[in-house]
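Contents: one structure, followed by commentary.
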Amino acid sequence: MYMEVCLLFLLGLALSQSCELSLPGCTDGGALFITKAPQVCGVRVQLEMQALWRQFDQLGTEMIVTKSGRRMFPTFQVRISGMDPSAEYVLLMDFIPVDDKRYRYAFHNSSWLVAGRADVAAPSRMHFHPDSPAPGAQWMKQTVSFDTLKLTNNLLDDNGHMILNSMHRYQPRFHVVYVDPAPNSHLNAYKNFCSFSFPETRFMAVTAYQNHRITQLKIASNPFAKGFRTTDPQDADYGSLPASLPSGDAFGRLVQRCSGKETQACGLSSHGASAAKPER
């Protein structure tokens, strides 16, 4: 099922440019655009935690990539409307490079600088939401969260994680694919999907946080980072905090000892409690 949907989606994506990726809805643009299927033409998507995403974006969002895979924080979550309640849909995500450049972080002026042309693109992958396929009614009744999605820099990854190059900028994309039951659905592949992206979700892939303000904001806003907060986030002095955080397993054990509860860290650095090291 996934392979068939994936192939049809790729075919449709190659043939159709009717969805303006920066817009929250996919609409019929008349003669300039290919008419979408009624099951997707009215779909609207709202990014959850948009204010938090914008806070990160203002600082230059960074996402950790590791060999074993690391979850994103903020987590990509959306609210969907306009689906056909009885139609089946598959939801998936992919990541595309923002440009053809590789970057480095200049600590002396806290900014990203172009370091050269981009590395060879990592193998392109898609992440299917684990509840796919499901009726539109199910997708629309609650927030859709991609909290199981992980980012890796392991080119040989065989766990299905999203493979990204460190020190490159990426734009997450969200796709809604109508599962057309018609026997000749491949002929309408370009009509049966709609794609969305949100500029505030762009990020730099890194193996350790470069900007200490990103570390601070993640500690202040990530519920799994409460073990690193000694005061109210608004009053905290982050000058003494580490520039990167323990790995997921170590972080989980730390919080478990402190609170007696099982938890799992997501979207935090895997380089221990030492200061972030510049990448070359």
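Since every read-out is calculated from the coordinates, none of them should be taken as a lab result. Remember, it's a predicted structure, so these values are computed and weren't measured experimentally.
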Completion exercise
Quick note, the range 34-213: a/c under 1.5 would make it rounded; otherwise a/b > b/c is prolate and the rest oblate (a ≥ b ≥ c, C-alpha gyration tensor); here it is prolate
Practice task
Could you pull out every residue, at least 5 positions away or on a different chain, whose amide H is within less than 5 Å of the one on residue 203? Hs are placed 1.01 Å off N in the peptide plane, and Pro or chain starts have none.
Solution key: 170
Handout entry: Cross-link pairs 141/218; 67/141; 67/218; 150/191; 101/191; 141/191 - those with Cα-Cα distance over 27 Å
Key = 141/218; 67/141; 150/191; 101/191
Fill in the blank from the handout: Karplus ³J(HN,Hα) for the range 79-85 (6.51 cos²θ - 1.76 cosθ + 1.60, θ = phi - 60°; Hz, whole; x = Gly/Pro) runs 10, 10, 9, x, 7, 6, x
Practice task
Enter the Cα centre distance for the pair the range 113-166 and the range 37-98, rounded to the nearest angstrom.
Solution key: 10 Å
